[in-house]
Amino acid sequence: MRENSGTLEEAVSIRAADKVFNPDSDNEVQALLGIDLDIKEGDFISLIGPSGCGKSTLLRLIADLLTPTAGEVEVFGKTANEARLDQDYGMVFQHSGLFDWRDVSANIELPLELKGWSKVDRRKRSREMLELVRLEEFKDHYPRQLSGGMQQRVSIARALSFEPRLLLMDEPFGALDEMTREHMQVELLRIWRETGTTVVFVTHSIPEAAFLSSKVVVLSPRPGRIHSEITVDLGDRTDETREDPEFFKATTEVREALRAVEAG
Amino acid sequence: MTKRKALRTAFTVLLTLVLFVLLWEGYKWMGQQTEDQWPGTQFGLPVSTDDLTMPHASDIFNELTDEIRAGRETLPMTVYLAKKAAFTFLEAAIGFSLGVIVGLMLAIFMLRWRFAERGFLPWINVSQTVPLIALAPIVVTWARLQGYPDMVGISLIATYLTFFPVAVSGLRGLQSPDSSDVELMRSYAASWSSTLIKLRLPAARPFLFPAFKLAATLSVVGSIVGEISIGTKTGLGRAILDFAQRYAVWPERLYSSVIAASLLGLFVFGLVNAAEWFFIKRGREVLK
Ligand SMILES: Nc1ncnc2c1ncn2[C@@H]1O[C@H](COP(=O)(O)OP(=O)(O)O)[C@@H](O)[C@H]1O
Ligand SMILES: [Mg+2]
């Protein structure tokens with residue numbers, strides 16, 4: 001796996017992107033307006049903002065699940081479409097989206113099957129991924145037999161199984177209880193360090209954004225714009241970091257930005 | 001776990017049968033006492049209880065073990081009916097298989113092209129309002145003119161009934177995955193056909209199997225109606241036709257053929273249940 005090289009190569013570059021849903025109709029929605037965003041390779045970026053401000057839409061623009069109405073989205077120097085066809089993306093949604101007719105291993109192997117990997121290679125890789133997310137003994141379980149947190153870890157393993165260069169996560173821990181959530185955050189950081197993947201992470205939790213990110217992007221609603229970008233540097237994070245004054249400072253900064261957004 | 005469940009099901013089925021026989025005989029006995037009136041009233045019973053309309057359950061069961069002369073040989077009624085049923089089963093199985101293929105193809109076609117859904121679905125619905133009695137002779141005459149054996153025409157009638165639930169439920173099942181599941185496949189740059197095979201078809205199974213169960217029983221109904229309306233030489237439809245003509249003298253026989261038809265229906269239903277267990281439930285009991 002790639003090491004976190006710390007090179008400053010451009011992973012995502014968005015220029016003057018707009019997104020309008022249902023243009024020229026009664027239910028036209030200006031979801032995003034004039035988005036400029038640069039993400040460096042190896043970064044961990046959080047998108048935060050009030051509900052409906054366009055976080056998911058922005059993530060889908062990067063993923064080429066939506067096309068911008070205006071402006072450009074480049075990923076690793078290619079168009080987002082080329083990046084998707086090159087299978088540069090791993091995606092994790094709020095609901096694990098595991099296929100309930102596949103056991104854990106088979107779920108993790110789904111993208112590898114689509115890429116035409118041999119059965120032996122797939123098995124080998126799914127074992128490695130299960131080790132990475134620490135679920136070795138659950139390889140033969142079905143999704144419904146797992147807790148929400150475990151399902152989400154399988155979903156992360158699936159997203160990372162083919163070593164995508166960019167991991168896109170839309171409120172992946174949003175449905176988990178607080179304790180599981182904090183545990184998953186530490187796990188995710190460990191995985192991020194071990195794989196060196198670039199991460200774009202949508203959340204509406206202030207501590208989550210502050211804890212995880214190297215940069216927090218705060219969005220303001222109607223139309224969705226980038227309000228501010230907050231750089232965070234908490235170094236190596238553990239559960240103790242949550243009691244660190246530096247962490248407090250970061251959450252406060254993000255909270256104030258969000259208050260400013262809410263105030264309009 | 002599953003074994004105990006199977007035993008319990010068998011027990012319930014038997015119990016229901018016993019209750020039904022008791023109800024039948026009880027009603028018959030009551031009617032015989034009151035000359036077909038509700039006890040203590042002048043109101044007539046909805047169904048009269050004489051031996052012609054309602055033969056004794058025991059007579060019907062006896063009939064099943066009695067002998068019947070079929071051509072040159074004499075056979076126990078059970079064997080005779082089983083032979084007829086085997087033929088009908090073959091027609092139904094062919095009709096069912098074809099119906100499943102046609103239904104699935106229509107569902108996939110409607111999934112792929114929205115205009116096909118808009119254009120086809122109303123016609124698919126209309127197709128089921130054509131009375132079978134009118135359709136059967138048309139299909140069979142056509143098949144005969146082509147020089148096919150009657151079985152072909154009859155299986156086609158069964159197909160006509162079976163494709164419908166498969167197409168309608170199949171389409172709903174194929175459309176059932178969440179948009180986030182479809183987006184996931186898209187993010188892997190999966191082709192339309194990979195998405196169909198890896199996501200939509202497996203997701204459609206819980207919708208398809210109930211449709212298959214309905215289709216299986218319909219395929220038996222279709223085959224029997226087909227046999228009756230063209231007067232084939234064999235099959236359960238033939239037996240029902242023969243026995244119906246002699247009903248006035250031998251009602252137990254018609255009843256025994258009706259029992260055979262229901263047992264055949266139960267049998268195909270059971271086959272689909274077994275297939276369902278094999279394809280989606282096996283080894284997937286949820287731990288609680
Ligand atoms: N497919 C769509 N069609 C129409 N409007 C949409 C669609 N997706 C999102 N929107 C609208 O765009 C805005 C931003 O939505 P979204 O990106 O989901 O917000 P967030 O993820 O920040 O809660 C909302 O007003 C939402 O109603
Ligand atoms: Mg969202």
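If I filter the stretch B:158-175 for residues that are within 14 Å of chain A (Cβ to nearest Cβ), surrounded by 14 or more Cβ atoms within 10 Å (Cβ to Cβ) and either among the acidic types (Asp, Glu) or on the phi < 0 side of the Ramachandran plot (or both), do I get at least one hit?
Initial filter on the stretch B:158-175 (within 14 Å of chain A (Cβ to nearest Cβ)): B:173.
Still in the running and surrounded by 14 or more Cβ atoms within 10 Å (Cβ to Cβ): B:173.
Filter once more, keeping what is either among the acidic types (Asp, Glu) or on the phi < 0 side of the Ramachandran plot (or both): B:173.
Checked the stretch B:158-175: at least one residue is within 14 Å of chain A (Cβ to nearest Cβ), surrounded by 14 or more Cβ atoms within 10 Å (Cβ to Cβ) and either among the acidic types (Asp, Glu) or on the phi < 0 side of the Ramachandran plot (or both).
Of the helices (runs of 4 or more DSSP H) that lie entirely inside the stretch A:156-264, not one contains 2 or more residues that are open to solvent by 30 Å² or more (accessible area, probe 1.4 Å) and polar (S, T, N, Q).
Of all the listed residues (A:Glu28, A:Glu113), the sole one being within 12 Å of ligand 1 (Cβ to nearest atom), without any contact (Cβ under 8 Å) to a residue 12 or more places away in the chain and of a type outside the set (Val, Ile, Thr) is A:Glu28.
Taking the stretch B:142-172 as the search range and keeping residues that are in contact (Cβ under 8 Å) with a residue 60 or more places away in the chain and over 18 Å from the mean Cα position of the chain (by Cα), which one is farthest from B:Phe87 (Cα to Cα)? This residue is B:Leu171. Please determine, by comparing only the residues of the stretch B:183-198 that are more than 7 Å from every other protein chain (Cβ to nearest Cβ) and crowded, with 17+ Cβ neighbours inside 10 Å, which one is farthest from A:Pro164 (Cα to Cα). Checked the stretch B:183-198; the qualifying residue farthest from A:Pro164 (Cα to Cα) is B:Leu196.
Is it true that B:Val79 is without any contact (Cβ under 8 Å) to a residue 60 or more places away in the chain, of a type in the set (A, V, I, L, M, F, W, C) and not assigned by TED's automatic domain parsing to the domain that holds B:Gly153?
Working: without any contact (Cβ under 8 Å) to a residue 60 or more places away in the chain: yes; of a type in the set (A, V, I, L, M, F, W, C): yes; not assigned by TED's automatic domain parsing to the domain that holds B:Gly153: no.
For B:Val79, the condition - without any contact (Cβ under 8 Å) to a residue 60 or more places away in the chain, of a type in the set (A, V, I, L, M, F, W, C) and not assigned by TED's automatic domain parsing to the domain that holds B:Gly153 - is not met.
Are any of the residues in the stretch A:133-146 away from every other protein chain (no Cβ under 13 Å) and assigned to a helix (DSSP H, G or I)? Taking every residue of the stretch A:133-146 in turn, at least one turns out to be away from every other protein chain (no Cβ under 13 Å) and assigned to a helix (DSSP H, G or I). If you take the residues in the stretch A:66-98 that are within 14 Å of ligand 1 (Cβ to nearest atom) and more than 14 Å from the chain's Cα centre (by Cα), which one is farthest from the other protein chains (Cβ to nearest Cβ)? Per the criteria, the residue is A:Thr69.
Checking the stated criteria, B:Phe278 turns out to be open to solvent by 30 Å² or more (accessible area, probe 1.4 Å), of a type in the set (Phe, Trp, Tyr) and free of Cβ contacts under 8 Å to residues at least 40 places away in the same chain. Take B:Glu63 and tell me if it is of a type in the set (Asp, Glu), closer than 30 Å to B:Ile157 by Cβ and under 21 Å from the mean Cα position of the chain (by Cα). Spelling it out, it is not the case that B:Glu63 is of a type in the set (Asp, Glu), closer than 30 Å to B:Ile157 by Cβ and under 21 Å from the mean Cα position of the chain (by Cα).
Of all residues in the stretch A:45-65, those satisfying the criterion of being within 11 Å of chain B (Cβ to nearest Cβ) and out of contact with any strand residue (DSSP E or B) (no Cβ under 7 Å at 6 or more places or on another chain) are A:Arg60, A:Asp64, A:Leu65. Residues in the stretch A:35-65 that are more than 14 Å from the chain's Cα centre (by Cα) and within 8 Å of ligand 1 (Cβ to nearest atom): A:Gly49, A:Pro50, A:Ser51, A:Gly52, A:Cys53, A:Gly54.
For the condition touching a helix residue (DSSP H, G or I) at 6+ places or on another chain (Cβ under 6 Å) and aliphatic (A, V, I, L, M), B:Val130 does not qualify.
Somewhere in the stretch B:107-116, is a residue under 20 Å from the mean Cα position of the chain (by Cα) and surrounded by 13 or more Cβ atoms within 10 Å (Cβ to Cβ)? Quick ask: steps written out before the conclusion?
As a first pass, look at the stretch B:107-116 and keep what is under 20 Å from the mean Cα position of the chain (by Cα): none.
Checked the stretch B:107-116: no residue is under 20 Å from the mean Cα position of the chain (by Cα) and surrounded by 13 or more Cβ atoms within 10 Å (Cβ to Cβ).
The values are calculated or read from the model by the stated rules, or taken from the named source; none is laboratory data. Since this is a predicted model, take the numbers as computed values, not measurements. All Cβ positions, glycine included, derive from the backbone under ideal geometry; neighbour counts span all protein chains shown. Remember, those area values only see protein heavy atoms, side chains included, never the ligands or the DNA or RNA. Shrake-Rupley method; radii C 1.70, N 1.55, O 1.52, S 1.80 Å.
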